[in-house]
Every structure is written in structure tokens, then in C-alpha cells.
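Notes for the one structure printed next.
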């Protein structure tokens with residue numbers, strides 16, 4: 001289908017190619033969205049409704065082995081011929097896309113695999129609009145006929161929490177180290193987690209760590225979601241992977257999933273409208289304008305914002 | 001100054017009365033903002049710049065004794081003739097303003113005190129716009145010539161985190177009970193806390209609880225803020241209050257405070273602009289419209305939002 005890439009004329013033609021599972025055109029479509037290039041909205045507005053692709057978020061502090069785990073998950077999925085797309089997001093190193101090179105190399109084994117698509121997403125120094133872009137890209141990728149989309153994020157911050165709203169299921173990866181656990185808790189990752197993976201489970205204290213997590217997830221401490229499941233893995237040896245995949249499958253069958261997708265849809269719509277209406281506002285620019293205004297005389301916040 | 005209340009003609013006149021420390025007019029101004037009554041923006045746009053009033057957020061799970069603690073804090077502040085305003089927010093019981101009655105009664109002793117102003121804020125069933133309203137009300141109250149504004153919130157949720165952005169200093173109140181601690185952690189309150197108050201410190205396990213908190217607050221786990229301080233209190237007996245007030249004073253002198261106020265100002269401006277531009281959108285209404293649209297045929301999120 002490579003000829004498409006030379007003759008592409010319009011968003012509609014690109015979308016047809018994406019729907020025909022042309023991966024080069026999918027990659028090009030993602031770039032159009034990343035750059036908010038002319039015509040990208042036309043592509044998005046042409047997307048057919050998709051109710052089959054399942055989106056899995058994978059997050060956790062740096063160094064816990066997320067990429068190795070995702071790699072092992074993809075191995076399991078390809079065993080049963082599941083088509084999988086992986087989107088890697090690293091908002092913590094916004095000025096240097098090369099930061100993702102490590103991940104790319106680690107997952108390089110999949111680059112020629114017909115059922116696997118990998119893409120690192122450029123974040124261009126700003127989290128403003130980032131989750132809207134990831135939302136749009138995820139919806140475009142769905143059109144590529146994947147069974148699963150795995151969105152891997154690298155940090156413990158606001159963007160991880162935002163992305164969890166796009167996922168049908170969120171996996172938080174930790175290692176048996178209370179520092180990581182505390183960071184994850186403080187950032188609110190406990191609230192968004194459906195499954196905890198305790199990776200590097202051959203480390204000492206792994207058993208006690210899992211018990212602590214289980215205590216924390218007891219129903220009396222959790223909100224509306226069912227308590228998160230906990231799986232121990234050693235991703236480098238693919239240990240614990242069948243158990244993880246089984247838990248994922250069960251959770252994706254949970255009766256509350258449709259309800260969550262429904263309320264997630266309204267939330268996504270709201271965020272897209274915010275993003276659209278705020279696209280002319282940059283927070284740093286705003287801070288500069290405020291400083292300038294303060295130099296010129298008494299500052300009144302409400303008078304200041306009345307100009308916007 | 002009671003005659004003002006009968007003759008008030010305009011927002012400018014009301015603001016003059018507020019600046020002259022007419023508390024009845026301050027209460028009326030707050031109601032105007034709560035109801036987004038005609039002319040309330042005029043009042044806000046007339047506010048003089050204020051750099052002296054310090055805003056303290058007090059939050060924590062229900063039942064930890066926040067109102068009793070705030071009451072004791074006000075006792076300490078009035079000892080040194082500090083003028084204090086208390087704003088009570090309870091977004092967890094949106095349909096029933098009577099929920100705050102208990103707090104009102106508990107703090108009733110202050111209602112005739114010339115240096116203390118107390119107001120419960122109605123939340124009217126929605127957190128959308130709530131933090132913008134609280135921001136506006138806080139700024140109006142500043143004009144009343146207070147040294148301190150204490151914003152007390154009742155739950156562990158998103159609104160608590162949002163309100164921390166309005167405060168110069170945030171106090172999270174807990175009791176020695178790991179259930180509360182876990183709830184607070186999961187909701188992200190650890191991230192916003194400058195001071196932990198461990199109230200009801202005569203309970204067993206109080207010492208161990210404080211040690212656990214201290215571990216969690218070690219510099220390697222905290223972000224840009226200095227690690228939160230921890231104070232043990234028994235608010236009903238006013239024990240620990242002098243220590244708390246001293247810690248508050250020290251924190252309010254911290255060199256990073258001006259920087260935080262500056263970045264908070266840009267964030268506040270951003271939120272006000274979002275709120276202004278999104279005032280026509282209600283999330284529940286949006287969800288209903290999406291359902292309706294789905295009944296009529298294949299649903300495309302981007303086509304749907306293009307109408308807004």
C-alpha cells in the first residue's frame with residue numbers, strides 16, 4: 001500500500017488509507033495531528049465510530065521497567081494474533097525527543113512485525129493541549145484496526161492522570177521500593193490504577209510491598225472503581241505475564257466498563273472544547289503579560305482577564 | 001456603617017463600603033458573586049491590589065476536627081489583634097446548605113467579634129466554576145482589610161486541590177488513623193500540603209503516625225516545595241496551637257512565597273479565562289447531548305465538538 005504515501009491528496013484519502021491498515025499513512029496522520037497541520041480536523045471528523053479497540057494506559061515512575069513490561073505484553077498479545085499499537089509519551093523531557101530513543105531501541109524487535117505499530121509522541125515543551133493531542137492520536141490509531149492500544153507514559157504527574165481518562169484500563173507499574181510508591185501515591189496515581197504491576201518482584205521485600213499495596217486498595221479506601229488488582233512480574237524474564245494478561249482480560253469484561261466509557265466520552269468532549277477555546281492562550285505568555293501589567297501600575301486580575 | 005446597606009446604588013458604592021470594612025456589605029458582595037448577579041464583575045474589576053492579606057487553606061477528611069482547629073487558630077490570631085475571615089466550603093453536600101450548620105454553630109462564638117468574619121459558601125450542586133467563585137470571593141474579602149483569610153474545605157477531592165492554588169499556605173488536618181491518611185494520599189493532598197496537623201494527638205499510635213508522615217515528607221520524595229512541617233494538636237484543648245501558629249508564621253516568611261504567589265496568579269488568570277469561556281457548557285448536559293446524538297447514528301466526537 002506504499003503508493004498511497006506518494007499520491008495522498010486529502011484528509012479523506014489519508015483516512016481511507018489508515019482504515020485500509022496502511023501503517024505509513026497512519027504514521028503520517030499522527031504527524032499531522034502532532035503539528036496541528038491544516039486538514040487534520042477533517043480527518044478526525046471523518047473517523048468511524050469504534051467500539052472494539054481497547055486502550056490500556058501503562059504508567060509509573062522512571063526506571064521501573066515499563067518498556068520491558070510493555071514489550072512482554074506485546075509478546076503475549078501477538079501470540080494470539082492481536083493487533084497492537086504502542087504510543088510512548090514522555091512529557092518529562094519535553095525539549096529533547098531523543099529521550100525516547102532508549103525505548104525505541106528496546107522495542108525495536110517489533111518494528112517489522114505486521115501486527116505491531118510503535119510510535120513515540122513528540123510533546124514539544126508543553127503539557128497544554130498535550131492530552132487533547134494524545135486523545136486525537138489515539139482515536140486516529142483506533143481506525144487502524146487494532147485490538148489494543150497501549151499508551152505508555154514515563155512519569156508521575158498530571159499528564160499521567162489526564163491520560164488515564166483516555167484508557168479503558170490503567171496499569172501502574174512499581175518496583176518494591178517505598179520511594180516510588182510514595183511518589184506514585186502523592187501524584188494521585190492510586191486513584192487511577194485498575195491494576196498494579198509490581199515488577200522486579202525478585203527483589204527483597206517484594207512480598208511485604210504487595211501486602212502494603214493490598215491494604216491500601218481495600219474497598220473502604222477506594223472510590224467507585226473496584227479495588228485494583230495486583231500482579232507480580234519479572235518482565236525481563238516474562239514471569240507473571242500470563243497472570244497479568246488474564247487479569248487485563250477479566251477487567252476489560254467488567255460490567256462497569258461501558259459506563260466508564262460513556263462518562264469518559266463526555267469528559268473528553270469537555271476537554272476538547274476547553275482546548276479549542278483556549279488554543280490562543282499560553283500560560284507562560286500569560287505570566288509575562290501579567291508581569292508587564294504589574295510594572296505599569298496597580299494590577300487587577302479581573303480587569304486583566306476581561307480582555308480575553 | 002449600617003446605613004450603607006439601605007442606600008447601596010452600585011458596585012462601586014458597595015466596594016467603597018467593603019473597603020471601609022462594612023461587614024454587612026462584604027456579606028452582600030459575597031452573595032452577589034455566589035449568584036453571579038448583574039454588576040458583580042464591576043466590583044471585582046474595581047478591587048485594589050492587595051499584597052498583605054495571607055490566605056490559609058485548611059483541608060482534610062471529615063471528622064478530623066477542622067472546625068475546632070480553625071476556631072482555635074482564630075483564638076490565637078485575635079490575641080494579637082489580627083483580623084481574620086473564615087470561608088467554609090463544603091462541596092461534598094452540594095444540595096443542602098444546612099450541612100454547614102454544625103460548623104456555624106461551633107464557630108458561633110465569633111459572630112459578634114469585630115475582628116472576625118465568618119461565611120459559609122453555597123456550592124449549588126456543581127464543582128464547575130466553584131473554584132472560580134471561591135477565588136473571586138477570596139479576592140473580595142481581601143478588600144475588607146483582613147490579615148488572614150482561612151478557607152476551610154470539608155473533603156478530600158479535586159476541589160481541595162484546586163483551592164490550594166488560591167492559598168499562600170495549605171494545612172492538611174489528619175487524625176492518627178491510617179484510613180484517613182490513605183484517603184488523603186490517594187486524593188493527592190500530600191502534594192499540596194505545606195503543614196500537616198495531626199489532631200487528636202492523644203490517641204494511641206499518634207507518635208508512629210507522625211513518624212510515617214515524616215518519612216513520606218523526606219526531601220527525596222517531595223517536589224519543589226520545602227517538605228511539609230508536622231504539628232501535633234489537641235484542638236479541643238487548644239494544645240499545640242502556639243507551635244502551629246509559629247510554624248505558619250515561619251512558612252509565610254519563606255523566600256519562595258513571592259514566587260509561588262506569582263505563578264499562582266498566572267494560573268488563576270488561566271482558570272478565570274477557562275471559566276469565562278466555558279460558562280455556557282454544563283458537563284451533564286453535554287453527556288445528555290452525546291447520548292442523544294448516539295441514538296441518531298454513528299457518533300463522531302470531533303464532529304460533535306465542532307459545533308461548540
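If you take just the helices (runs of 4 or more DSSP H) that sit entirely in region A:217-308, which of them hold at least 3 residues that are more than 14 Å from chain B (Cβ to nearest Cβ) and in contact with a strand residue (DSSP E or B) (Cβ under 9 Å, 6 or more places away or on another chain)? Before the answer, list the steps.
Working: elements: A:241-252, A:257-277, A:283-295, A:301-305.
Of the helices (runs of 4 or more DSSP H) lying wholly inside region A:217-308, those with at least 3 residues that are more than 14 Å from chain B (Cβ to nearest Cβ) and in contact with a strand residue (DSSP E or B) (Cβ under 9 Å, 6 or more places away or on another chain) span A:241-252.
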Among (1) within 30 Å of residue A:50 (Cβ to Cβ); (2) without any contact (Cβ under 8 Å) to a residue 12 or more places away in the chain, there is one condition residue B:253 misses while meeting the rest; what is its number? (1)
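Here is a check on your reading of the model: is residue B:204 more than 7 Å from chain A (Cβ to nearest Cβ) and either in a helix (DSSP H, G or I) or out of contact with any strand residue (DSSP E or B) (no Cβ under 8 Å at 6 or more places or on another chain) (or both)? Step through it out loud before you land on a result.
Working: more than 7 Å from chain A (Cβ to nearest Cβ): yes; either in a helix (DSSP H, G or I) or out of contact with any strand residue (DSSP E or B) (no Cβ under 8 Å at 6 or more places or on another chain) (or both): yes.
Yes: the conditions hold for residue B:204.
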Residue check, residue B:49 against (1) modelled with pLDDT under 90; (2) under 18 Å from residue B:141 (Cα atoms), all met but one. Which one? (1)
Test: residue in region A:159-168 that is farther than 18 Å from residue A:90 by Cβ and modelled with pLDDT of 95 or more: no
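So, residue A:112, is that one over 23 Å from residue A:200 (Cβ atoms) and modelled with pLDDT of 70 or more or not?
Numbers: over 23 Å from residue A:200 (Cβ atoms): yes; modelled with pLDDT of 70 or more: yes.
The answer is yes for residue A:112.
The values are calculated or read from the model by the stated rules, or taken from the named source; none is laboratory data. Computed from a predicted model, the values in this text were never measured in an experiment. Note: ideal-geometry Cβ built from the backbone for every residue, glycine included; neighbour counts use all protein chains shown.
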